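As structure tokens, the structure follows; a few thoughts come after it.
The values are calculated or read from the model by the stated rules, or taken from the named source; none is laboratory data. Computed from a prediction, not measured in an experiment: that's the story for all the values here. All Cβ positions, even for glycine, are placed from backbone atoms using ideal geometry, and neighbour counts span all protein chains on display. Just the protein is used for accessible areas: all its heavy atoms, side chains included, with ligands, DNA and RNA removed. Shrake-Rupley method; radii C 1.70, N 1.55, O 1.52, S 1.80 Å.
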Amino acid sequence: MGLLSLLIFLPLAALLLIVLLPKTLQGTFKYIALGFTLFQFLLAGYMYSQFDGSATGINQLSGYRFVEQLSWIRLDLGGLGQLEIDYLIGADGISLPLLLLSSLVMLMAVGASWNMQRKAKGYFALLMLLNMAVMGIFSALDFFLFYIFYEVMLFPLYFLIGIWGGVNREYAAIKFFIYTLFGSVFMLLIIVGLYFSVTNPETGAHTFNMLYMMNPGNYIDGSFFAYGSSNAVWGIPARMLGFIVLFIAFAIKIPIVPLHTWLPDAHVEAPTPVSIILAGILLKIGGYGIIRVCMSIFPDASASANWWLGLIGVISILYGALNALAQKDFKRTIAYSSVSHMGFVLLGLASLTAEGVSGAMFQMISHGFLSASLFFLVGVIYDRVHDRYIYHFRGLANIMPKYTGYVAIAFFASLGLPGFSAFIGEAFVIIGTFNAESVGTGIPRWMAIAGSLGILLSAVYFLWTLQRMFFGKTRLKGSEEWFKALKDLTVREQVILFPALALALLLGTMPFLVFDKLNASVLNLVTLITEQL
Amino acid sequence: MSGLPYISPIYASIVVVGLPLLAFLLQAIRGKKSTSGLFALVSIALSTLISGLFVLPQVWQEAPVTATVHWFTIGDSVFTLGILLNNLSALMQFIVCIIALPVHIYSKAYMKGDPGIHRYWMYLSLFCFAMLGLTVSKNLFMMYVFWELVGIASYLLIGFWFTKEAAVAANKKAFIVNRIGDIGFLIGIAILFSLFSTLDLVDLFGNEGVFAAGLYKDTGLITLAGICFFLGAMAKSAQFPLHVWLPDAMEGPTSVSSLIHAATMVAAGVFLMASIFPLFNANVLLLMAIVGTITALSAAYFALCQYDIKKVLAFSTISQLGYMIAAVGIGVWDAAMFHLATHAFFKCLLFLCAGAVIHEMVHHKEHTKLDFDPQDLRHMGGLRQYMPKTFVLMSIASLALAGFPLTSGYLSKDAIIIAAFEWAAQHGPGYIVIPIILVIVSILTAFYIGRLIFKAFFGPIRIPQIDQQAPHIREAPQTMLVPMIFLGLGSLFFAFSLNPLSYHQAEILTGFSVRYAFEEIHSLHLVIPIVLTVGALCSWILAWKWYVKGKYPLQANSLWITRGGEQFGLDELYKKTFVNGTLALGRASQWCDKHVLDGLIVHGTAHVVKSLSRAIYWVDKHIVDGLVNTVADTTYYIGHLLRWVQNGRIQNYFGFAFTIILIGIVYLIFR
Amino acid sequence: MITLTHFLVVSACIFCIGLYAILAKRNAIMILVGIELMINAAILNFVAFGKYDKLHYGGQIFALFAIVLAAAAVAVGLAIILNVYRHYKTINPDHITDLRD
């Protein structure tokens, strides 16, 4: 069993252990979860350090590291040929940083669930299941395997929101579930279509292998998704249709405007650790899927549709930021800020320049732990007084100086202050997008300028929240009772927050830690697509 | 500089930048335990020393020294960290140090006893680090990083007293307005990067750079880049119409205002313009000249209408920054830098003096427990007798600001105005408006600063409930006076030029040796200084009559004054248009989210699906199931009908049995 | 001359009377009597048709069997009626409808 498999299936071992232990040992579950995720994090860190940045990844199996390939399902379908499903996993410069990020965010989430008492067994078991699914998604290179992990991820999330959530949890859980399922069901259709269009050049059998799907030579002439085929559905060329459907499936996850409305509800209703996972990992699956699936398998379609992708990105940036400005619930503000910040990811990807795509990847990673910290910070205050209405707080800096310090740092890091990671991400998305017109990828310059307005707006809503909640004379809605309840950060909370913010600073000052691993893969991706321009 | 060991200016300058960072980190770690500000003081003192001894002398008038290290690679583009030391950057670094040092010392007394003093020192060190880093950055990306870092330091220091509502509103405003400029800066960077694939200042603007060699096409994009960078400078250097944050920023401690919002950070815009001067083509330069002139004029007028001593100085700063930008616009960026240097000294001194006055006024206020605004000029007057040294120092600074001979301001202001006339003469008759306005502004400047001095230090004592015998208003303490005296010396001519009457010998100007694009007109060099000096004197006589003799001819609440005090409602206008507009847009998008996207589309879809399923359910229940039920019901009904046969009466059973047998027999018989 | 027909007519009459008793009487004893009458009608027929079996006297022998069986049946029937009476305190079959569904 390779390292990557170990990484994926470690949580499964934790899950089994938690399930098998009797309920009387409830107190140990969190330690089990913590132990396993910590080990997982260290493992991911080790793999990250071992990864050499020259691996080009994307469409060549030789460009991947930690590859494992096992025949999984072989079925003779008679006239339909041989069914070939492999257990094929591997990591390249795109997925490995995200794997490391996921393990970190999971660690944070476990830390944030430290006081979870209610049905702890089920809770931690589901958390571990989710962990496994996420790791699987980021490493699967077989589309069938990918889809399985993708669907497995949905199930624990639904219950985590639906059982441990807030007042309106059922509504939020169902909304989240249906939104995601809506995307993934159609994805299945495309997967099947691709399956029948692509053959394994070695065996001649149909295959689910994503890497084969990325090579135009493996498409059967005249098949539905063949390059240059004249197949069309409702006047849309087949390959464009496949791209659009897959894009929608992942765009819901990112999320883009107007497919984002599940996000504020899900974030607000979910318990803090689940919000952390949602923002820190789940949204990245959208971005990752667009890179790994949409853009790599349909480079021709993405080369011609990138104007629209860019437009959607810009709209998401501005619309999310404006919405964040209008919210009165602290957590909703953060949730909408996620929409805005993830818009940069889409814009960067659409630019099809090395700077833009790298910036988008960097933004994903940076947003991963920054939004996790932000949601954790919201959770801190909600834990204490069970309220997060912005107008109910004022002058918190006087009674919670450490908390205010952390919030201020997290806010400034998120609004793109240089020295923190979000700045590198956003600045290079803007620079890359601006450069796109010179390179000729079809993204106009005004998109970069409009996107940069999002940076301005993010300063507006973060500073407004800071001013409204933390500065001024202390006035609280719950008066004396709240004064007593609002204790400053505990050691546990600081232990969780400090590494995330330190990482933001580290990556902001030493971005090469990520870019060095990323560059070869990004360049390969950009070449793959720009060849089709 | 013989006798001193040679230290590479690069390393020296890294130390200069690094020391405040170290102080910041140490102060951050020590937190409340360290309130003396020792780290900050020692670090800035050392920085000043090193900058003055090892950086400036070795770089001044020498070939630029640079050092570059690889930072990171994105795709194929390499981004570097680097230090660029040339006349401009070394000078700027030194100015920042030499201003920051006295302010640090002054703060020691001024901020004494403040409960948040540890934060003060921390932020101040952060600012020094960022500002010093900004001055020696070798590429624009790095410069942008420091550019924003000084912004955040300024944000933190304006909102230092975060329980004051006005302070936190002001720092938010400052940061957001600056962000507008930052966006411009970022776009500018993006343009240059997409055109030249490099952001290195030497590669772009150096002697062998892209612009010097003319290796570029002067397209609209270059103009746009120029405008974008200028936008960045406009926000940072508080140019009209983005100047609105600076008056509000006076909510911070006065020592902060003097360092950041008068001498150094706000001048960063001018510094940036000077650094990337070759980028600007004629159109952008003209725009800069116009904007600078408008700023100078409007701010001078607004300064006239203020009663808050710090606000007067704030508008004065804006006005002077307008001068500098206008100077860059007419192509004499060396004069702009010269004015920047002189202005740094005298404006910093003005603020420190004002701080000393406010310090005593607050002291008095706390003692008498009265409720009055300690910064309001209307409550001052006659302070001369209580604070003579402060008065003298402030007068020197005021003279420098007004451009009176023998002061440093005289030299730099003349340099700009004379160059402006020469420039206008070169370009045509319409351009003469700009230098004329600059002259008018200069006279206005003399008037408003005279007003300030006369109102605060002369005339009757207007301080409420002052005890003439034992006043609580005393001269500023030594710790505050020494830095002020130092700055006062820096405001005199000999700090910059040995010739008190001509700017041509000024070291800074000779150092840059910029070749002007217009011809020198000798007569102007005589006429202009005389006009300016006479104008200033006249305005002072007028001000003396009005404010000291009390022959005030105007209505204090006339519309021109009250509206001018509110900048003709500019803030209000911004609030109504941009702020409320953005908020309304935010609310609209929230409404759209709630009612259109979520309400109409998501819930609408859900509703349609639900209705559809209800309809299907109806069909299922009434049609499909109905059919089945009908069959069942019929069977049941028939069964029900036959049920009475089974009535339990044995005789009936007999009867039936017999009847059936009978029927059977009949059937057998008749078949 | 009394012919076979007379026997059959009498037998039919007795059968009908028995049938009537079974269907119409409100007393279980009377129904039992009706049953006896019907059996007797059948026995009468046996005896009457016995004239065609002069060799073995099958008719008479069957008649004897039937009489014995009838007696046994009456005994059982009476016992049932007795038990029914004990249970229901009546022997009117109209009131005993427990066989109803």
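Is there a quick way to get the dipole size of segment A:1-126? I mean about its Cα centre, with the Cβ of Lys and Arg at +1 and of Asp and Glu at -1; what is the value in debye to the nearest 20? Spell out each step's value before the answer.
Values: 7 positive and 6 negative charges, 173 e Å.
Its charge dipole is roughly 840 debye.
How shielded is C:19-25 by partner chains, expressed as the average number of their Cβ atoms within 10 Å of its Cβ atoms? If you can, show how the numbers build up before the last one.
Working: counts 3, 0, 0, 5, 5, 2, 1.
Whole-number average of other-chain Cβ neighbours for C:19-25 is 2.
At what distance in angstrom do the alpha carbon centres of segment A:115-176 and segment B:199-215 lie from each other?
About 55 Å separates the Cα centre of segment A:115-176 from the one of segment B:199-215.
Past 27 Å, Cα to Cα, is the threshold; run A:LYS402/B:LYS594; B:LYS236/B:LYS545; B:LYS33/B:LYS112; B:LYS236/B:LYS455; B:LYS108/B:LYS545 against it and keep the listed order.
Details: A:LYS402/B:LYS594 35 Å; B:LYS236/B:LYS545 38 Å; B:LYS33/B:LYS112 15 Å; B:LYS236/B:LYS455 31 Å; B:LYS108/B:LYS545 39 Å.
Beyond 27 Å between Cα atoms: A:LYS402/B:LYS594; B:LYS236/B:LYS545; B:LYS236/B:LYS455; B:LYS108/B:LYS545.
State to the nearest 20 debye the size of the charge dipole of chain A about its Cα centre, where the only charges are +1 on K and R beta carbons and -1 on D and E beta carbons.
Around 2100 debye, computed over chain A.
Output the 0 to 90 degree angle, nearest 10, between the alpha-carbon long axis of helix C:4-24 and the longest principal axis computed from the alpha carbons of chain C.
The two axes meet at around 0 degrees.
Sort B:THR342, B:THR80 from largest to smallest accessible area, using a 1.4 Å probe on the heavy atoms of the protein chains.
From most accessible down to least: B:THR80, B:THR342.
Using Cα pairs closer than 8 Å and at least 6 residues apart in sequence, work out the relative contact order for chain A, in percent.
Here the relative contact order equals 15 percent.
Hey, what's the protein assembly as shown come to in accessible area per residue, 1.4 Å probe, Å²?
For the protein assembly as shown, the solvent-accessible area averages 39 Å² per residue.
Hey, rough spin-label estimate for B:LYS551 and B:LYS217, points 7 angstrom out along Cα→Cβ, what's it come to in nanometres?
6.7
Under 1.5 on a/c is rounded, so check that first for segment C:4-95, then, if it is not, pick prolate when a/b is larger than b/c and oblate when it is not; a ≥ b ≥ c are the square roots of the alpha carbon gyration tensor eigenvalues.
It comes out oblate by the Cα gyration axes.
How much solvent-accessible surface does B:HIS70 expose, in Å² to the nearest 10, with a 1.4 Å probe and all protein chains in place?
Result for B:HIS70: roughly 110 Å² accessible.
Can you give me the angle between helix A:491-509 and the longest principal axis of chain A, using Cα atoms only, in degrees from 0 to 90, rounded to the nearest 10?
It is inclined by approximately 50 degrees.
Between segment B:571-602 and segment B:224-260, what is the C-alpha centre distance in whole Å?
Comparing the Cα centres of segment B:571-602 and segment B:224-260, I get a distance of 28 Å.
Calculate the FRET efficiency for B:LYS32 and B:ASP371 from the Cβ-Cβ distance with a Förster distance of 30 Å, rounded to the nearest 0.05.
0.45
Just check chain B against the gyration tensor rule for me: Cα atoms, a ≥ b ≥ c as the square roots of the eigenvalues, rounded for a/c under 1.5, and otherwise prolate or oblate depending on whether a/b exceeds b/c. Walk me through the numbers before you get to the answer.
Values: a/c = 2.80, a/b = 2.26, b/c = 1.24.
The shape class here is prolate.
For A:TRP307, B:TRP147, A:TRP234, A:TRP446, write out the residues from largest to smallest accessible area, computed with a 1.4 angstrom probe and no ligands counted.
The residues order as A:TRP234, A:TRP446, A:TRP307, B:TRP147, largest area first.
Provide B:ILE29, C:ILE61, A:ILE317 ordered by accessible surface of protein heavy atoms (probe 1.4 Å), highest first.
Result, largest first: B:ILE29, C:ILE61, A:ILE317.
Report the B-A buried area as the accessible area lost on both sides summed, probe 1.4 Å, in Å² to the nearest 100.
Roughly 4600 Å².
Share of the protein assembly as shown's accessible area from carbon and sulfur, percent, 1.4 Å?
Ligands and nucleic acids excluded, carbon and sulfur reach 68 percent.
What shape does segment B:410-554 take by its C-alpha gyration tensor, where a ≥ b ≥ c are the square roots of the eigenvalues and a/c under 1.5 counts as rounded, a/b above b/c as prolate, and the rest as oblate? Mind dumping the intermediate values first?
Values: a/c = 3.57, a/b = 1.66, b/c = 2.15.
Taking the square roots of the gyration eigenvalues as a ≥ b ≥ c, segment B:410-554 is oblate.
Near the amide H of B:ILE74, under 5 Å away, which other amide H atoms are found, from residues 5 or more places off or on another chain, if H is placed in the peptide plane?
Here B:PHE79 satisfy the definition.
Please compute the average number of Cβ atoms from other chains found within 10 Å of each residue's Cβ in peptide B:643-651.
Shielding by partners across B:643-651 averages 5.
Once amide H atoms are placed 1.01 Å from N in the peptide plane, what residues at a sequence separation of 5 or more from B:LEU492, or on another chain, have their amide H within under 5 Å of its amide H?
B:SER408
Hey, if you put +1 on the Cβ of every Lys and Arg and -1 on every Asp and Glu Cβ in segment B:139-565, which of B:ASN283, B:VAL433, B:PRO477 ends up farthest toward the positive end of that dipole?
B:PRO477
Among A:MET1, A:GLY45, A:ALA109, pick out the residue whose Cα is farthest towards the positive end of the charge dipole of segment A:1-128, where Lys and Arg carry +1 and Asp and Glu carry -1 on C-beta, about the Cα centre.
Going by the charge dipole, the pick is A:ALA109.
Given points 7 Å out from each Cα along the Cα-Cβ axis, report the A:GLN117 to B:LEU49 separation in nanometres with one decimal.
The two pseudo-label positions are separated by 6.1 nm.
Would you mind checking segment B:402-440 for residues with the amide N under 17 Å from a putative spin-label position 7 Å along Cα→C-beta of B:ALA517?
The answer is B:419-432, B:434-435, whose backbone nitrogens lie closer than 17 Å to the label point.
Which angle from 0 to 90°, rounded to the nearest 10, does the C-alpha axis of helix A:401-414 make with the longest principal axis of chain A?
That works out to roughly 30 degrees.
Under a Cβ-only charge scheme (Lys and Arg +1, Asp and Glu -1), can you give me the dipole magnitude of segment B:139-565 about the Cα centre, in debye to the nearest 20? Let's see the in-between values first.
Working: 24 positive and 23 negative charges, 278 e Å.
That gives a dipole near 1340 debye.
Of B:HIS363, B:GLY450, B:LEU509, which is farthest along the charge dipole of segment B:139-565 in the positive direction, counting Lys and Arg as +1 and Asp and Glu as -1 at C-beta?
Farthest towards the positive end: B:HIS363.
Rounded to the nearest 500 deg cm²/dmol, what is the calculated helix-only ellipticity per residue at 222 nm for chain B, with -39500 (n - 2.57) per DSSP H run of length n ≥ 4?
Computed mean residue ellipticity for chain B: -21500 deg cm²/dmol.
From Cα pairs below 8 angstrom and at least 6 apart in sequence, can you work out the relative contact order of segment A:126-221, rounded to a whole percent?
Details: 93 pairs, mean separation 22.9, N = 96.
This gives 24 percent for segment A:126-221.
Any lysines with Cα under 20 Å of the B:LYS621 Cα? List them, leaving off those in the same chain fewer than 8 positions away.
Cα-Cα hits under 20 Å: B:LYS610.
Over segment B:84-147, what is the relative contact order in whole percent, taking alpha-carbon pairs under 8 Å and six or more residues apart?
Result for segment B:84-147 is 45 percent.
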